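Below is one structure, written out as structure tokens; the observations come after it.
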Amino acid sequence: MIKIGENVYWVGYIDWNLRSFHGYSTPYGTTYNAYLILDDKPTLIDTVKGYGSGDMLRRISEIIHPSKIQYIVSNHAEMDHSGAIDQLLDFCPQAEVVCSPKGKEGLLKHFKKNWKFKVVDSGETLSIGKRNLQFHLTPMVHWPDSMITYLKEQKILFSNDSFGQHYATPERFVDEVGGDIIFREAAKYYANIVMPYSSQVIKALEGLQSLNMEFICPSHGLIWRKTPNIETIIDLYDKWANSRLSEQAVIVYDSMWHSTEKIALRIYELLDKENISVKLLNLQFNHISDVAADLLSAKAIIVGSPVLNNGMLPSIASFLSYLKGLKPKNRFGFTFGSYGWSKPSFKELEEALKLAGVELICEGSYFQYIPDEKDLASLSALAGKIKTKLREE
Ligand code: FEO
């Protein structure tokens, strides 16, 4: 266990070996954070994934016997946070499970057990002794049941999925880990988990304005404390949720015989020459969840594929399907590729990019077999359009 504040402890589980979170690559593992608050009515905020319950119970036992727990706050029914409630209730069957109305529905569906529920609404306060918990419902950040819990007297926000990062480390505070890695992982987390619900994030951030926060304790990764980290992560969430984008472009492509790659490289060179910040992302070497992080701040998304069986490469189809689910806003781009003996329409590729919410600003560029210098020179016009549009607003 690790002390966060007076009578507040981290008692979670570090999942060092997790490498995929339902398709989101997690090269640094993750943590499931549970927090124990000691007061007249000892309270646990969230639990951990089912297979981490042993570690969680051991950490709780370093402080109090788990049978003493009176309230288990379930901010979110997803199994990475509620998965160990059942094992914990074996020790403290008298404990009440505190959750939102949708949380109760979700927990009943998952566990099929009629625990002692205490259903709370937004703004409701629960006294746990000398201190009080205030609940704020944050539907769709990340599920309909999601809520956050504020420990008023100590200005600690237990934010559940919001402000999380998938990062396993023995340190518990962002300021204990050097470099930008935590901000990069927070961005990746936002892009892959939170971005589809950006409009709900905007509402949730409005609700946070009235809270004075000294700690933000998410349910994954490290805890934000002190200035400027708390202000910085809230500002970043505000920027990401409102799609305030930068003059950046990403070129996402795959290639069979390097022809589509030649086109990608030329587009990259043309944009780079114009001092546009541009990334070249080959899907053979970049996981789609990392690409999602790279396009979080980019206005332009340019996508290329060669023709395979009269369609696009499966890697590109998978990326575009994933991108559609993330619902990016205010992006534009175009498509490109190479083909063999007959020229297909490339409509499927263009449609898929449009369906992902990206505005097509011009017709794509497609060349037969290996593009020659004349073909590649024709890309200047497309790069010019991207440059103009990037600098329009
Ligand atoms: Fe970390 Fe939506 O669960």
**Message:** Among the residues in the range 87-110, are any assigned to a loop (DSSP other than H, G, I, E, B), farther than 21 Å from K41 by Cα and of a type in the set (K, R)?
**Reply:** no
**Complete:** Per the list (1) in contact with a Ser or Thr (Cβ under 8 Å, 6 or more places away or on another chain); (2) surrounded by fewer than 17 Cβ atoms within 10 Å (Cβ to Cβ), residue check on L107 breaks on (2)
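Here is a yes/no grid of residues against (1) closer than 24 Å to K104 by Cα; (2) open to solvent by less than 30 Å² (accessible area, probe 1.4 Å):
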site: T138; (1), (2): yes, yes
site: W143; (1), (2): yes, no
site: T149; (1), (2): yes, yes
site: Q154; (1), (2): no, no
site: L157; (1), (2): yes, yes
site: N160; (1), (2): yes, yes
site: Q165; (1), (2): no, yes
site: E171; (1), (2): no, no
site: V177; (1), (2): no, yes
**Fill in**
Out of (1) open to solvent by less than 60 Å² (accessible area, probe 1.4 Å); (2) touching a Gly at 6+ places or on another chain (Cβ under 8 Å); (3) within 16 Å of the ligand (Cβ to nearest atom), the one M79 does not meet is (1)
**Message:** Go through (1) within 14 Å of the ligand (Cβ to nearest atom); (2) out of contact with any Pro (no Cβ under 7 Å at 6 or more places or on another chain); (3) farther than 15 Å from Y35 by Cβ for S219 and report which single condition fails.
**Reply:** (3)
**Asked** Can you name the residue in the range 351-370 that is surrounded by 17 or more Cβ atoms within 10 Å (Cβ to Cβ) and of a type outside the set (S, T, N, Q) and is also farthest from N309 (Cα to Cα) among such residues?
**Response** V358
**Message:** Checking the structure you have, find out if any residue of the range 273-284 is acidic (D, E), in the same structural domain as S255 (by TED's automatic domain parsing), over 22 Å from the mean Cα position of the chain (by Cα) and open to solvent by 10 Å² or more (accessible area, probe 1.4 Å).
**Reply:** yes
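Yes/no matrix, rows are residues, columns are (1) touching a helix residue (DSSP H, G or I) at 6+ places or on another chain (Cβ under 6 Å); (2) over 16 Å from A191 (Cα atoms); (3) open to solvent by less than 20 Å² (accessible area, probe 1.4 Å):
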{"position": "H287", "(1), (2), (3)": "no, no, no"}
{"position": "I301", "(1), (2), (3)": "no, no, yes"}
{"position": "P306", "(1), (2), (3)": "yes, yes, yes"}
{"position": "G337", "(1), (2), (3)": "yes, yes, yes"}
{"position": "G340", "(1), (2), (3)": "no, yes, yes"}
{"position": "L379", "(1), (2), (3)": "yes, yes, yes"}
{"position": "E392", "(1), (2), (3)": "no, yes, no"}
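Condition check ((1) open to solvent by less than 40 Å² (accessible area, probe 1.4 Å); (2) assigned by TED's automatic domain parsing to the domain that holds L349; (3) more than 18 Å from F334 (Cβ to Cβ)) across all residues:
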position	(1), (2), (3)
I193	yes, no, yes
G207	yes, no, yes
N212	no, no, yes
S219	yes, no, yes
S246	yes, no, yes
S259	yes, yes, no
R266	no, yes, no
V291	yes, yes, no
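Here's the yes/no breakdown for (1) more than 16 Å from the ligand (Cβ to nearest atom); (2) modelled with pLDDT of 95 or more:
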| residue | (1), (2) |
| --- | --- |
| L108 | yes, yes |
| K130 | yes, yes |
| Q134 | yes, yes |
| M140 | no, no |
| S146 | no, yes |
**Request:** With the condition kept exactly as written, say whether any residue in the range 177-191 is on the phi > 0 side of the Ramachandran plot, within 16 Å of the ligand (Cβ to nearest atom) and within 17 Å of the chain's Cα centre (by Cα).
**Result:** no
**Prompt:** When the range 85-102 is examined, which residues are found to be in contact (Cβ under 8 Å) with a residue 40 or more places away in the chain and within 16 Å of the ligand (Cβ to nearest atom)?
**Reply:** C99, S100, K102
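The values are calculated or read from the model by the stated rules, or taken from the named source; none is laboratory data. All figures in this text were calculated on a predicted structure; none of them were measured in a lab. Please note: Cβ atoms are built from the backbone with ideal geometry, for glycine as well, and neighbour counts cover all protein chains shown. Calculation scope for accessible area: heavy atoms of the full protein, side chains included, ligands and nucleic acids excluded. Shrake-Rupley method; radii C 1.70, N 1.55, O 1.52, S 1.80 Å.
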